[in-house]
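Read the structure below first, then the notes.
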Amino acid sequence: HINCPVAILAQVLLATPLSSTHLGRAFLCLFSSSPLHAAMVKSCNRSERGTGLKFSVKVLKTVRNFTPFSPIKYGPNPKRPGSLSFDRYKGYMGARTVGEALHRGSKVADLCWELGRGDFKVLPMSNAPTKLQNMSEKDIKKVQALLNKIIGPRGLAVSIDDKDADKELAKEEQWMAGKLALIAATAKKLGVQLEQETHEDLHEDGIHENADIRNGRLVADKFSQNILKERKASGKKVTEADATEALRLWGFAQNSGRLNVLPGKRKWVYSDTMGAIKRRTGGYGITPPTKRYPNVVKLLNKWLHDNRPEGVSEDFVCTSININANYGARTHRDGNNVGPSAIRAFGNFKGGELWYWDKDDKKTKPELLEKKTAQKLNIKKATAIFDGNFAHCVEKFDGERISVVFFSARNHNKVGPANIKWLKSHCGFAWPSDKAMAKLRTFAHGQFLATQR
């Protein structure tokens, strides 16, 4: 074992071609308090093939377009003699087609890995056999189902068939590499123990998150806890810089459920909701990340309390917070909100204003609304209060943009007294009353909008 972090990083970089995202994970390992060499090997996916590997768009498209009858020809066994992968490769290297290879023990990840390394050749379809060896019709359908599951590289939000797929993936990986490096450096500074799992999802307390997501959330929560203590001790306000840093650290989930906001050809967006919510499966409750990472939620609520929007004389009441990273929502209307929302955008970006149709008739299809009838709000400069049930969208932008929306979920009191008490005490929510909500409605539809014209 090598104990020097720099030596470990050098060893891995020399031995393994890494994407920028892998490099970010390398820094995560360097700054972790776990045994460094083992952590580095694990995080960089050198010991567990097929788990969290990164493949190019070109390779994945090729494998996705294979059929069970696609003819291939394997070369000599490239694996280390005596290893499990050597024996497994030996079991399928005589396969004539993709279907036979998968049936004999190969995996889709093996096909991607070995295609990229040139361990087998793809032959013309004229070489395809009419019948597959020792495979029933059921076996063939099973193999085809495996190939159909390929959707693209991790982190790619558009289809692998999109003409800009490579560009989008490169942009995403560059952002993620910087994020992981920031998480690692902050974790070291705060003494946070980082997860050293692979990309396999970690399921605890109803939260589905991989190691990268969890690490970001753990560090963001610890950072938020420290800031809250410092500001309380000094009597100073939580600043925009405090909120920005916590949000940049936060590990965002890939949310494919917000169909009404998905812009362009995106299949998912980075979006998380904290606080009270009506579950898609029915009923009301507190979102799982809120319970595990309450300090982040409390920091955001304290920031809003300390930095009230101009003209607001009382605390902004709300039950929930939605945080979004690096996407511009298309024109839409929120369906599960009640009363006004407060929105602010954080980060280093240009553009990204909020288009808001304050005279929305709520009947015209959102995509048919013209921007000349909307207000353009600079939410990077100032917090805006608006009615999310009216149409709104985000202007194009460049850079890292993280928006935070404070809102009240419809029928929010159905989460129950115990949950409301917990959200107020642990997360700092100023829970809505009928009187407070009425005041905000008056402000949102009158005083504030007048200042925007």
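Condition test on VAL122, is it of a type in the set (Val, Ile, Thr) and touching a helix residue (DSSP H, G or I) at 6+ places or on another chain (Cβ under 6 Å)?
No.
Count, please, the residues in region 305-316 that happen to be in a loop (DSSP other than H, G, I, E, B) and within 20 Å of SER433 (Cα to Cα).
The qualifying residues number 8.
Just name the residue that is surrounded by the most Cβ atoms within 10 Å (Cβ to Cβ) out of those in region 226-249 that are under 18 Å from CYS427 (Cα atoms) and basic (Lys, Arg).
It comes out as ARG231.
Restricting to region 211-245, what's the tally of residues that are closer than 22 Å to ASN324 by Cα and not in a helix (DSSP H, G or I)?
2
Consider region 135-161. How many of its residues are in a loop (DSSP other than H, G, I, E, B) and either modelled with pLDDT under 95 or over 22 Å from MET93 (Cβ atoms) (or both)?
14
Which pairs do you get when a residue that is closer than 14 Å to LEU300 by Cα and in contact (Cβ under 8 Å) with a residue 60 or more places away in the chain, found in region 225-236, comes within reach of a residue that is open to solvent by 100 Å² or more (accessible area, probe 1.4 Å) and not in a helix (DSSP H, G or I), reach meaning Cβ atoms under 8 angstrom, with the pair 6+ apart or on two chains?
Short answer, once both residue conditions are applied: ARG231/LYS237.
Go through region 64-78 and give me each residue that's at pLDDT 95 or above, surrounded by 15 or more Cβ atoms within 10 Å (Cβ to Cβ) and either outside any loop (DSSP other than H, G, I, E, B) or in contact with a Ser or Thr (Cβ under 7 Å, 6 or more places away or on another chain) (or both).
PRO68, PHE69, SER70, PRO71, ILE72, TYR74, listed by residue number.
Take region 396-437 and flag every residue that is in a loop (DSSP other than H, G, I, E, B) and open to solvent by 80 Å² or more (accessible area, probe 1.4 Å). Write out each step before concluding.
Our first condition is that a residue be in a loop (DSSP other than H, G, I, E, B); within region 396-437, this holds for 396, 400-401, 408, 410-411, 416, 428-433.
Selection gives LYS396, ARG410.
Are any residues in region 362-387 part of a loop (DSSP other than H, G, I, E, B) and of a type in the set (A, V, I, L, M), and if so, which ones? Don't jump to the end; show me each part of the working.
To start, the set of residues in region 362-387 that are part of a loop (DSSP other than H, G, I, E, B) comprises 362-365, 369-370, 374, 378-383, 387.
Of everything in region 362-387, those that are part of a loop (DSSP other than H, G, I, E, B) and of a type in the set (A, V, I, L, M) turn out to be LEU369, ALA374, ILE379, ALA382.
Return yes or no: is VAL59 open to solvent by 10 Å² or more (accessible area, probe 1.4 Å), at pLDDT below 90 and touching a helix residue (DSSP H, G or I) at 6+ places or on another chain (Cβ under 9 Å)?
So VAL59 fails the test.
May I ask you to list the residues in region 397-445 that are closer than 30 Å to LYS372 by Cα, of a type in the set (D, E, K, R) and at pLDDT 95 or above?
ASP398, GLU400, ARG401 - these are the residues of region 397-445 that are closer than 30 Å to LYS372 by Cα, of a type in the set (D, E, K, R) and at pLDDT 95 or above.
Against the definition (open to solvent by 40 Å² or more (accessible area, probe 1.4 Å) and under 27 Å from PRO432 (Cβ atoms)), how does LYS359 come out, yes or no? Steps first, please.
Working: open to solvent by 40 Å² or more (accessible area, probe 1.4 Å): yes; under 27 Å from PRO432 (Cβ atoms): yes.
In short, yes.
How many residues are modelled with pLDDT of 90 or more and small (Gly, Ala, Ser) when one looks only at region 251-282?
Adding up the residues that qualify gives 5.
Kindly establish whether PHE349 is touching a Gly at 6+ places or on another chain (Cβ under 6 Å) and not aliphatic (A, V, I, L, M).
Yes; evaluated as a whole, the condition is true for this residue.
For residues that are in contact with a strand residue (DSSP E or B) (Cβ under 9 Å, 6 or more places away or on another chain) and in a loop (DSSP other than H, G, I, E, B), tally how many sit in region 253-304.
Matching residues across region 253-304 total 13.
So that you can scan it fast, the table gives a plain yes or no per residue for (1) open to solvent by 20 Å² or more (accessible area, probe 1.4 Å); (2) without any contact (Cβ under 8 Å) to a residue 12 or more places away in the chain; (3) farther than 30 Å from GLN254 by Cα; (4) polar (S, T, N, Q):
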site: SER83; (1), (2), (3), (4): no, yes, yes, yes
site: PHE86; (1), (2), (3), (4): yes, yes, yes, no
site: THR97; (1), (2), (3), (4): no, no, yes, yes
site: VAL108; (1), (2), (3), (4): yes, no, no, no
site: LEU115; (1), (2), (3), (4): yes, no, no, no
site: GLY118; (1), (2), (3), (4): yes, no, yes, no
site: LYS149; (1), (2), (3), (4): yes, no, no, no
site: ARG154; (1), (2), (3), (4): yes, no, no, no
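Quick one: would you say LEU304 is aliphatic (A, V, I, L, M), modelled with pLDDT of 95 or more, within 23 Å of the chain's Cα centre (by Cα) and open to solvent by less than 20 Å² (accessible area, probe 1.4 Å)?
no
The values are calculated or read from the model by the stated rules, or taken from the named source; none is laboratory data. Quantities reported herein were computed from a predicted structural model and do not represent experimental measurements. Note that we place each Cβ from the backbone using ideal geometry, even for glycine, and neighbour counts take in every protein chain shown. When the accessible area is computed, the model is the full protein with side chains, heavy atoms only, and any ligands, DNA or RNA have been set aside. Shrake-Rupley method; radii C 1.70, N 1.55, O 1.52, S 1.80 Å.
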